[in-house]
Every structure is written in structure tokens, then in C-alpha cells.
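What follows is a set of notes on a single structure, which appears directly below.
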Amino acid sequence: MYENHALKVIRSADNPLVRRLLGLRDSTRERREEGRTLIEGAHLLEAFLDNTGQRPDIVVASESSVDVDEVTTLRTRLDAKLVVSMDDGVFAKISPVSGRNGVLAIIPVLSAPLDAVIEAGGFQLWLDGVQDPGNVGSLIRTAAAAAASAVVLGPGCADPWSPKCLRGGMGGQFATRIAAADDLAAGLRALRGRVLVAGSEFTASVFATDLTGDITVVLGSEADGVQPAVAAAASAMIGIPMPGNVESLNVGAAGAVICFERLRQVLTRG
């Protein structure tokens, strides 16, 4: 475990670890081939350690962050040989995170098998073509906060394990299961319980719909909604009434309303 001694310091941008970190930051293909991703910041590393029971491959702290209390505390939880330091200038080429949060870590991608997610039931959030990584991260965070058993991403969605999605998720990826589905419609038909597709052309208000029990909510992209085949798998089409003079909500905001309306109903009836 942690020992209070000087860490190896990386000072060259040509160091192989720097190239690896940049590849995991920038390339979905490299993340898939390695089965690894890059997390940024002490908070995400703490969430990973607290929720997964796993350990990172390596942790990199900027020189200016090595001895701050938050980072020192994290180092006590890690094998000393897994932690290195990096010159602040080189670190900044990889990550905008600095100061007290100047920490990077390479971790395993923790995707769940789709079959296990389908079997689990409960409350799930499925995404169809949500391309913005900030929205995907925010939706994962919201779903995890509302005790969803899983978030499933279909074709066209942003990579939930990209650094930007991970920052948006703020640890949500480690607090609920994340799975991918090549065929959303087929996956939805295999689920038990009801499937509710949210959209602007809805037949029932989310506030007047029973959201308890085994239920899956599907959200599509803001521009295109869900695919017709996905809509055909729904038990009902639901939406959020908006009496104000706006046409729509951001998909992240819409997901938050639905997830926490579900939670409100569960708590009220429980």
C-alpha cells in the first residue's frame, strides 16, 4: 500500500504512458480494443474505488497535486507501485483537470452483459441515438441517482465510457449497470414489464402514468426521437406536459423529470 516516498515523475510528452493516455482519451476504438478507459479527477477515482471493488491499472497525479490532502488520501488506498507523478505541463496536454483534482487513472470498462440487464428487470433507462456525450453522462448520473437498475445504450449513442461522458456522469457509471444493445427493439421485446417511449407526440402524461413496478423508459435524440421499430415495441407513448411557451426540453432535463417522477411514485406508494 501507500508509502510516503518520492514518486516517479514523467517529464516527457513522448513517454509511452502519455501516448496511451491520449489514445484512451481520444479514441473509442482504442478503449474498446483495450477494454480500458481514462477517468479524470479525484472525485471520479474515489467513486470508482468506492463502488466497484476494483483497482485502476495506474494512477497519474500532476506534480502540483501529489501532496494535497485529497490525493494523499486516495494514495493510501492504492498500491504504491500503481501511482506515478507527471510534470504539470505534460499533464495539461492530456487533461484540463488541474489543481486539487489533478489526477488521471486508467480503469477497466465495466459494461454489463445485455442478457443480465434484461433478466434483472426493475426500472431501466434505455437511450436511442442520444449523441451528445454530456447528455449521455447526465442521463446516466440521473438514472443512477433515481436507483435505476441499468442504463442501456443503442446504436448512435455517445460512448458512455469516454472521458467526457464519465465527467458528465460524475460517478454514475459506477453506481448502475451500463450495457449496449445492437438491436434496441429486440432487446425491449425481451424485457418483462412495460416499455414506455418518451416523446413530444405522446398519448399519456408522465404525471398521469403508473411508473411503478418493472418499467423501462426509452428516450431518443432531441432531433429525431426514437426509431419507428423502437416505438413499435412500446406499451405506451408518454410525454411531459409543457404549458409554457417552449417546444421541448433538453433530453437530459426530460430524463430527470421522468426518473424522479418514477421515484416520487415509488416513495409515495411505499
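The values are calculated or read from the model by the stated rules, or taken from the named source; none is laboratory data. Please read all numbers here as calculations on a predicted model, not as lab measurements. Note: ideal-geometry Cβ built from the backbone for every residue, glycine included; neighbour counts use all protein chains shown.
Can you tell me which residue among V130, V136, V151 is among the hydrophobic types (A, V, I, L, M, F, W, C), within 30 Å of V230 (Cβ to Cβ), part of a loop (DSSP other than H, G, I, E, B) and not assigned by TED's automatic domain parsing to the domain that holds R36? Residue meeting the stated conditions: V130. All conditions but one from (1) assigned to a loop (DSSP other than H, G, I, E, B); (2) of a type in the set (D, E); (3) buried (at least 16 other Cβ atoms within 10 Å of the Cβ) apply to D67; the one that does not is (3). Among the residues of the stretch 70-121, those identified as in a loop (DSSP other than H, G, I, E, B) and more than 30 Å from L191 (Cβ to Cβ) are T76, R77, L78, D79, D87, S95, P96, V97, S98, G102. Only residues that are over 15 Å from Q124 (Cα atoms) and of a type in the set (V, I, T) were counted across the stretch 210-229, and they come to 1.
Residues in the stretch 45-63 that are without any contact (Cβ under 8 Å) to a residue 40 or more places away in the chain and outside any helix (DSSP H, G or I) were compared, and the one that is surrounded by the most Cβ atoms within 10 Å (Cβ to Cβ) is R55.
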